[in-house]
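Every number in this text was worked out from the coordinates using simple rules, so none of it is lab data. Values in this document were obtained by computation on a predicted structure and should not be read as measured data. Glycine also receives a Cβ, built like all others from the backbone with ideal geometry; neighbour counts cover every protein chain displayed.
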Amino acid sequence: MRDTKQEIVDLADQFIRTRGFNAFSYADISKLLQVKNAAIHYHFPSKFDLGLTVIQQTIISFHDLTVSWSELEYTMQLEEFIKIYDRSKAKNCVCLMGALAPSYDTLSVEMQQALTVLGQTIISWLSDLLEEGRENEVFNFKGPSRAQAFLIQSALLASLILEKVLQENVCQTIREGILK
């Protein structure tokens, strides 16, 4: 038996990452799932409720991934992190943060807060990884690890957007630059 609620969330996630939050409707989802809009409203009374669930599931997924990487070497953890963006690229998507940030002011307060938590979660994890790696002489960079985390995160996020626009292998170039 299929889980309609999860299928709705998965489609919304895909639409957000390919079209943007404001560029899809419940009708788009209901058409693909071959259900009535009322079935979507049953699970998610508003589109903001659906968007919030997408963000919350992304936070949980990111946490689960980072826990699964915790025994890996620092460089391998960084590579696994970058692979998140590689998987987005393979699906012709941008990351959730890159998709939602331009619409931030049009999102519900709850979605804005959840998106902030997602950003803080990613930056905190990446900052900690970089600092621990530097302390163990695996990574070598100047300045605060949080600043380096901002640089890496923004480069990866932007690489997906630039690649769509420029039709060049921006992601690979950014990946190589980060791992050097």
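Values as computed for the structure displayed
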read-out	value
Compactness of the chain - radius of gyration and Dmax, Cα, Å	17.6, 57
Protection-proxy order for peptides 42-55, 162-175, each taking the mean of Cβ atoms within 10 Å per residue, highest first	42-55, 162-175
Average Cα contact separation per residue, the chain, under 8 Å, 6 or more apart, as relative contact order %	24
Taking the stretch 125-180 and dividing mean pair separation by its residue count, relative contact order in percent (alpha carbons under 8 Å, at least six apart)	25
Rounded to 10°, Cα long-axis angle of helix 145-166 versus longest principal axis of the chain	50
Span from the the stretch 40-57 Cα centroid across to the the stretch 103-180 one, whole angstrom	26
Per-peptide average of other Cβ atoms within 10 Å, ordering 122-131, 24-33 highest first	122-131, 24-33
Total charge dipole magnitude, the chain, about the Cα centre, Cβ charges on Lys, Arg, Asp, Glu only, Debye to nearest 20	740
Residue-count net charge about Ile84 - beta-carbon cut-off 13 Å; Lys, Arg +1, Asp, Glu -1	+2
Global size of the stretch 1-81 as Cα Rg and Dmax, reported in angstrom	15.7, 48
Cβ-based net charge around Leu65, under 15 Å, with every Lys or Arg adding one and every Asp or Glu removing one	-4
